[in-house]
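See below for the structure under consideration.
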Amino acid sequence: MKKHTKKLIAPVVITAILVLYLCALVVTWAYIPVSLAVKIIGAVIALALIGVSLYVLIQRIKEIRSGEEDDLSQY
């Protein structure tokens, strides 16, 4: 494996687990006896968290590929 490929495994796996967990949470909320407004708010929050985590994953992949992952060592 390439050097960059090994560094990509952990962020991708963690993001995949988080996305699966949040999707399961949204599906589970469908069966909880609360009002529709609470279900919609919960789903929107979970979907927003999924979007943010995917955005952060993309940024991390770009960072790893450009070689900037050790930029804190410059200080």
Residue pairs, Cβ under 9 Å, 6 or more apart or interchain, first in the range 9-28 and surrounded by 13 or more Cβ atoms within 10 Å (Cβ to Cβ), second in a helix (DSSP H, G or I) and among the basic types (Lys, Arg). List them.
PRO11/ARG60; THR15/ARG60; VAL26/LYS39
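Do you know which of the residues in the range 20-61 that are in a loop (DSSP other than H, G, I, E, B) and among the aliphatic types (A, V, I, L, M) is modelled with the lowest pLDDT?
Narrowing the range 20-61 to residues in a loop (DSSP other than H, G, I, E, B): 30-35.
Applying the additional criterion that residues be among the aliphatic types (A, V, I, L, M) yields 30, 32, 34.
Numbers: ALA30: 84, ILE32: 87, VAL34: 90.
It comes out as ALA30.
Take GLY67 and decide whether it is of a type outside the set (A, V, I, L, M), modelled with pLDDT of 90 or more and surrounded by 10 or more Cβ atoms within 10 Å (Cβ to Cβ).
Numbers: of a type outside the set (A, V, I, L, M): yes; modelled with pLDDT of 90 or more: no; surrounded by 10 or more Cβ atoms within 10 Å (Cβ to Cβ): yes.
Judged against the criteria, GLY67 is not a match.
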Which pairs do you get when a residue that is within 18 Å of VAL12 (Cα to Cα), found in the range 36-55, comes within reach of a residue that is of a type in the set (A, V, I, L, M) and assigned to a helix (DSSP H, G or I), reach meaning Cβ atoms under 6 angstrom, with the pair 6+ apart or on two chains?
LEU49/LEU22; ILE50/VAL19; ILE50/LEU22; SER53/LEU18
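The values are calculated or read from the model by the stated rules, or taken from the named source; none is laboratory data. Owing to the predicted nature of the structure, the values given are computational and were not obtained by experimental measurement. Positions of Cβ are backbone-derived with ideal geometry, glycine not excepted, and every protein chain shown enters the neighbour counts.
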